Structures are given as C-alpha cells and as structure tokens.
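Have a look at the structure below, then the notes.
The values are calculated or read from the model by the stated rules, or taken from the named source; none is laboratory data. Being a predicted model, the structure only gives us computed values, none of them experimental. Cβ placement follows ideal geometry from the backbone for every residue including glycine, while neighbour counts extend to all protein chains displayed.
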Amino acid sequence: MHTSYTILGANGQIAVELARELSRIQESPLRLVSRKPRKVSDTDTLVSADLMDADATTAAVAGSDVVFFTAGLPADTRVWQERFPTMLRNALDAARAAGARFAYFDNTYMYPQDGRVLTEETPFEPVGAKGRVRAELASMVLAEIERGEIPALIARAPEFYGPGRTQSFTNAFVTDRLKAGKKPRVPVRDDRRRTLIWTPDASRALALLGTAPDDRGAWGQTWHLPVAAQHPTYREFVAMAAEAFGTDARYTVTPAWLLRAAGLVAPRAKEIRELLPRYAHDSIFESAKFAGRFPEFEVTGYREGLRVIAAERAS
C-alpha cells in the first residue's frame, strides 16, 4: 500500500524542490495544494485550496498519510499576523482529522539575535513582529507534538541561498546582483560569520525527515536542517561568489542606519529591519543533531552551490 504525501503551500522554491525529491525517492502519490498549484512532475495531483478556509483545507488533506506545511506569505507583517496562525491551525486540524503525520517547515525568526550559536534547544526570544508570529507558529506545532494525537515534527532552516526562484536577502544582495552584472551589497557588516542553507539541501532533508520510518526516530521533535560545516563571513561569501561568476570581488557594505531609512519606502528593506541585529553579530546555525542521525546525507558546499547559481546565468 502506497503512502500518500501532501504538500501545503506547494508553489514556493522549498515546496518545488521537496516535490521533486519526493517523486525521486518514493513511488507514492503526491498531492500539491495551494490556491493555484502547478505540477512539478507529470504524476502530481493538484488541489486548489485556500488554507484560510478550514473546510477547504480539511478536504484537501483528506486521505493523506503525511502532510508537509511549506506555505509562505508576502513580506508584510500585517498579513503574517492575520493569516499565518489561521492557516497553520487549519492545517493541523486537517491533519488530525485525516490521522496524518505533520511536518512543519520553519525558519529562525523566533531565535535571539545576539550571537549565540543556535541549536534545537535555543529558547525563543523574537525580535520584531514577524519573529513573534514565527514563535507563535512553532509553539502551535510544539503543542501538537505534546498533545500526541498525530506524529509531528519541526524542520528548521536558517537563511537561504540557492538556485531558481529562491527568495532570500543573500540572493537579493549578492547572487542576483552578480547575475545582473552589478556589484554585490552586504548588509550591516562583512566580518561576521553566517550560516546559509542551500535550498535544495533543505528540501531533500525535509523529505528525508517526512518519509523516515519509525526506527529513525524523526517524529516528535525539532530538527535543524543540515548545513555546511563552514560559516563564512559575507566577505568570504562574496569572494566565493565572485570566483564562481568569474568577476572581481568588489562589494559595498550597506550600514544599518541606511537599511532602516530605506525601510520607510522599500518593502524588501522594511522586511530586513527587524533582522538587523542578527547581521551585526555572528549567526551560527548548528545542525549536528541531524548529521548524527542521518550521516549519509551529503551537504552541498558553498563553492558548489555558487557554481550552480552562476551557471544559471548562462542557461
């Protein structure tokens, strides 16, 4: 009997890579759910549903064995506050009604921004409204794990960099500008170490967790998704990117005060303002727990990932 997998919020880069990986490693039916879903593989089943609608979400999830929540929203704080908790609540209720396992894809907005090394045990100390929303969402899933009615897990990733339609500050400031023949920009400081995750790695790891048999012990806990052992500064990252693109490594550092001022008029700059303390400190994301449980997982190195991004420019 095949396992039925459903991805909620199926059009983002993480969801697309997740669908691709699930199709590669499983012969199981794959259901993609969003308001306007698009097929990743020919065999995918598409379901149009608004996750703000509880009945539509329940119907979309019915018959599923494993549900992946990868839904995203526009970078608008009010939209996050008004929509995200309801969307996740509806998804959890639908998974419970279906008796399905629930894998929640998360970010690090709820963590402190003071330079501490981030592990699965790091307490939630959000800075800013979006951070408080993400803390609320993660707490909802933790409560579901504690309730124990359905198996659930949290798969958490740091800031992205990656191919395709990957949306991240690093892509916007560095690789997207290199693709456009422009000089990269670095937010706040260039000498602080950072952890970035290659988006295909995040999706492959999410698929591994969500399809893990009981004897792998993946369910009922939080996982930091796997990252490369290096934690480069932006100075080092730009140098690697410039090498991949075959250009010089010149860049400009945009100070915090200018990003704050730009946030008054530019939506993307506004989004980054509550994360500015993180860019002023080292931001190290630790994934040793995942590496210990899944030692066979191969993490993509920064140079390799940047070569892939650079190759997109010529394709």
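Looking at the range 8-25, can you tell me whether even one residue there is modelled with pLDDT of 95 or more and of a type in the set (Ser, Thr, Tyr)? No - not one qualifying residue is present in the range 8-25. Restricting attention to the range 59-93 and to residues that are among the β-branched types (Val, Ile, Thr) and in contact (Cβ under 8 Å) with a residue 60 or more places away in the chain, the residue that is farthest from Leu275 (Cα to Cα) turns out to be Val66.
Name every residue in the range 139-189 that is among the β-branched types (Val, Ile, Thr) and in contact with a helix residue (DSSP H, G or I) (Cβ under 6 Å, 6 or more places away or on another chain), in order of residue number. Once the filter is applied, which keeps residues that are among the β-branched types (Val, Ile, Thr) and in contact with a helix residue (DSSP H, G or I) (Cβ under 6 Å, 6 or more places away or on another chain), the range 139-189 yields Ile150, Ile154, Thr166, Val174, Thr175, Val186, Val188. Exactly one residue out of Leu275, Leu259 is in contact with a Pro (Cβ under 9 Å, 6 or more places away or on another chain), farther than 19 Å from Arg132 by Cα, modelled with pLDDT under 80 and outside any strand (DSSP E or B): that is Leu259. Quick check on the range 181-199. Is at least one of its residues surrounded by fewer than 22 Cβ atoms within 10 Å (Cβ to Cβ), of a type in the set (S, T, N, Q), outside any helix (DSSP H, G or I) and at negative phi? Looking through the range 181-199, none of the residues is surrounded by fewer than 22 Cβ atoms within 10 Å (Cβ to Cβ), of a type in the set (S, T, N, Q), outside any helix (DSSP H, G or I) and at negative phi.
Of all residues in the range 140-162, those satisfying the criterion of being under 30 Å from Val238 (Cβ atoms) and not hydroxyl-bearing (Ser, Thr, Tyr) are Ala155, Arg156, Ala157, Pro158, Glu159, Phe160, Gly162. Based on this model, can you work out whether Ile150 counts as within 13 Å of the chain's Cα centre (by Cα) and not aromatic (Phe, Trp, Tyr)? Against the criterion (within 13 Å of the chain's Cα centre (by Cα) and not aromatic (Phe, Trp, Tyr)), Ile150 does not qualify.
Counting just the residues of the range 23-58 that are part of a helix (DSSP H, G or I) and touching a residue at least 12 places away in the same chain (Cβ under 8 Å), which one comes out surrounded by the most Cβ atoms within 10 Å (Cβ to Cβ)? Ranking the qualifying residues of the range 23-58, first place goes to Thr57.
In this structure, Arg235 does satisfy being at pLDDT 95 or above and not hydrophobic (A, V, I, L, M, F, W, C).
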